[in-house]
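Taking it in order: structure first as structure tokens, then the write-up.
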Amino acid sequence: MLWLKIKKELVEQNISMYRLAKNTGISATTLQNYKNGTEPSFKNMCKIADALNVSLDYFRETENGK
């Protein structure tokens, strides 16, 4: 679920996973682990949110808006 939101932002903003890795300082391998279901640390979620210019709350929202 979390990765789907990250992926959505990557597509909408035309950013590659490699570029996200460069912009956040998080290795591409670590991002791949997130894609495969590993939960990111709070620190890394903050870096991802900042790089994608979204709030942390965006990642907490469910499909039904809660």
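Since Ser41 meets every condition but one in (1) among the small types (Gly, Ala, Ser); (2) closer than 14 Å to Phe59 by Cβ; (3) over 12 Å from the mean Cα position of the chain (by Cα), which condition does it not meet?
Every condition holds for Ser41 apart from (3).
Take the residues in segment 1-16 that are modelled with pLDDT of 95 or more and hydrophobic (A, V, I, L, M, F, W, C), then tell me which one is surrounded by the fewest Cβ atoms within 10 Å (Cβ to Cβ).
Val11
Pick from segment 52-66 the residues that are modelled with pLDDT of 95 or more and closer than 15 Å to Trp3 by Cβ: which of them is surrounded by the most Cβ atoms within 10 Å (Cβ to Cβ)?
Filtering segment 52-66 for residues that are modelled with pLDDT of 95 or more and closer than 15 Å to Trp3 by Cβ, the one surrounded by the most Cβ atoms within 10 Å (Cβ to Cβ) comes out as Leu52.
The values are calculated or read from the model by the stated rules, or taken from the named source; none is laboratory data. All values reported here derive from a predicted model rather than from experimental measurement. Please note: Cβ atoms are built from the backbone with ideal geometry, for glycine as well, and neighbour counts cover all protein chains shown.
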